[in-house]
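Colleague: Sharing a structure below in structure tokens format, with a few things to ask.
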Amino acid sequence: MNIVNLAKHSISSRKSTLILTIFSISMSLLLLLSIERIRLDIKHSFANTISGTDLIVGARTGSAELLLQSIFRIGHANNTMSWHSYEKIQSIHGIKWTVPISLGDSHKGLSVIGTTADYFKYYKFANKQALSFAFGNRFEQSQQVVLGANVAKKLNYVVGDELVISHGTGNTSFHHHEKHPFRVIGILNPTGTPVDNGLHIPISDVELIHNKTIAHDEHHDHDHDHDHDHDHDHDHDHDHKNSQTTQPKQITAVLIGLKSPVLALQIQARINRNNEEPLSAILPKYTLKQIWQIVSPFEKTLILMSLSVLIVSLIGMLALILNTLSQRTKELTILRSVGAPPRYIFALICLETLFIVLISICVSIFTYFLLFTLLAPALQANFALTIQLSWLSASQMQLIGITLFLSLLLAMLPAFRAYQRVLSIGLSNK
């Protein structure tokens, strides 16, 4: 009988143990492939959080801190840069565009970003992909807000709704700007970046609402009467109507696009040497790589843990094959009696192992694509993680290759045991 057909019949005769073995290996390999896919997509999403921005400038601080604060909204900006410095940066030769960013406010624990309408034109993510609107449009005047996709979904906001912004970040809000409500004018499409979790307002409104807050607090501190309070609010409402061009005195950071990337290091050095105000200019792509290197040991640990689970499953398969050898003495004796050489038996055991692993690989790949097809929308909605449902990556194929190699390597032991057994059968027959 052909050795391939014999191997097929041999493993099919042990269906119960075969199913358990295939399930164990396929689930372990599925875990390994899934972790690798998520790792690659997180790395890709992280590296492509911001694209097309050549420099980010803020108050003097570490490069990682500045990037985390201005783009990921992580941490608190203890220092700010002046609007005067921003205007000087705008005048530097070689700068194509600038987008100021002001942080420090929030809405129900979500970050509020004060910026200009140019933000929606120049902010890019992934491979220089522009922001787009699911509903509405960008703000054009005061008291308008553009929501990230996750904000609208989480808080059930639609275009036309009104909301109140609070002073303070995260869940720590010190004052609610109730006298300056904002109307939702637009909702962005999902990007898989921190943009999805932000509320974007005109940067002129940041100064305006803070001035109102200060005036309101000073009114209470001086215990003004009710009539004067009414006149005071009226005066500020009047100021508001004429203050759409009001600019803040301080901002958190500036996103910069250059006419040529070649100028990046030159302009970075010039800004860092600024004598009037200590500033930091960083290269976002380079800084993103630095931050990822910090977490790389954790991802490697995760992969090693998954490999350990797979190896345990393969060792379980090895133990199963070794255990069945004692039950296959009659089968091996018949094969030897009909003239099968010891190397034939050796190859048969290796081929059986190969079939088991190949079936497990096919099951794991099928389950992998089915699982991520079903879970991709939930991962995008809840974790802003975009899963690439393309064919397996090179690293995933390498993991499958490692699985095949390890399984065949482990199969050598039971195959050699079977080889020795048929040799002893042959000698005893003589």
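Colleague: So if I check each of THR61, THR53, which one is open to solvent by 50 Å² or more (accessible area, probe 1.4 Å), part of a loop (DSSP other than H, G, I, E, B), within 30 Å of HIS167 (Cβ to Cβ) and at pLDDT 90 or above?
Modeller: THR61
Matching residues to (1) in contact with a strand residue (DSSP E or B) (Cβ under 7 Å, 6 or more places away or on another chain); (2) open to solvent by 20 Å² or more (accessible area, probe 1.4 Å); (3) among the polar types (S, T, N, Q):
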| site | (1), (2), (3) |
| --- | --- |
| SER280 | yes, no, yes |
| PRO284 | yes, no, no |
| SER306 | no, no, yes |
| LEU314 | no, no, no |
| MET317 | no, no, no |
| ARG336 | no, yes, no |
| GLY339 | no, yes, no |
| GLU352 | no, no, no |
| PHE355 | no, yes, no |
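Colleague: Give me a count of the residues in region 13-50 that are open to solvent by 30 Å² or more (accessible area, probe 1.4 Å), in contact with a helix residue (DSSP H, G or I) (Cβ under 8 Å, 6 or more places away or on another chain) and in a loop (DSSP other than H, G, I, E, B).
Modeller: Here the count works out to 1.
Colleague: I've got another one for you. Just one of LYS43, LYS15 is out of contact with any His (no Cβ under 8 Å at 6 or more places or on another chain), at pLDDT below 95 and more than 23 Å from ILE282 (Cβ to Cβ); which is it?
Modeller: LYS15
Colleague: Another question about this same structure. What pairs come out if I take residues in region 153-176 that are of a type in the set (Ser, Thr, Tyr) and pair them with residues that are open to solvent by less than 50 Å² (accessible area, probe 1.4 Å) and at pLDDT below 70 whose C-beta lies under 8 Å away, six or more apart or interchain?
Modeller: As it stands, the answer is SER166/SER173; SER166/HIS177, since those pairs meet every condition given.
Colleague: Could you please tell me which pairs satisfy a Cβ distance under 8 Å, a separation of 6+ or placement on different chains, a first residue in region 245-269 that is closer than 10 Å to GLY94 by Cα, and a second residue that is open to solvent by less than 10 Å² (accessible area, probe 1.4 Å) and in a strand (DSSP E or B)?
Modeller: Close Cβ pairs satisfying both conditions: LEU258/LEU55; ALA264/LEU55; ILE267/LEU55; ILE267/ILE256; ILE267/ALA281.
Colleague: Same structure, new question: Pick from HIS222, HIS216: which is modelled with pLDDT under 50 and crowded, with 18+ Cβ neighbours inside 10 Å? Spell out how you get there, then give the answer.
Modeller: On the way: HIS222 fails: crowded, with 18+ Cβ neighbours inside 10 Å.
After applying the criteria, what remains is HIS216.
Colleague: Within region 76-95, can you find the residues that are in a loop (DSSP other than H, G, I, E, B) and under 19 Å from TYR286 (Cβ atoms)?
Modeller: Residue satisfying the conditions is GLY94 alone.
Colleague: Quick check on this structure: which one of ALA394, ALA418 is at pLDDT below 85 and either out of contact with any strand residue (DSSP E or B) (no Cβ under 6 Å at 6 or more places or on another chain) or farther than 30 Å from ILE42 by Cβ (or both)?
Modeller: Working: ALA394 fails: at pLDDT below 85.
Going through ALA394, ALA418 in turn, the sole match is ALA418.
Colleague: Tally up the residues in region 83-133 that are more than 23 Å from the chain's Cα centre (by Cα) and among the polar types (S, T, N, Q), please.
Modeller: Adding up the residues that qualify gives 7.
Colleague: Determine which member of the set GLY75, GLY109 is touching a helix residue (DSSP H, G or I) at 6+ places or on another chain (Cβ under 7 Å), surrounded by fewer than 17 Cβ atoms within 10 Å (Cβ to Cβ) and not basic (Lys, Arg).
Modeller: Every option except GLY75 fails the conditions.
The values are calculated or read from the model by the stated rules, or taken from the named source; none is laboratory data. No experiment lies behind these values; they were computed from the predicted model shown. Here Cβ is always computed from backbone atoms with ideal geometry, including for glycine, and neighbour counts include all displayed protein chains. Note: areas computed on protein heavy atoms with side chains; ligands, DNA, RNA excluded. Shrake-Rupley method; radii C 1.70, N 1.55, O 1.52, S 1.80 Å.
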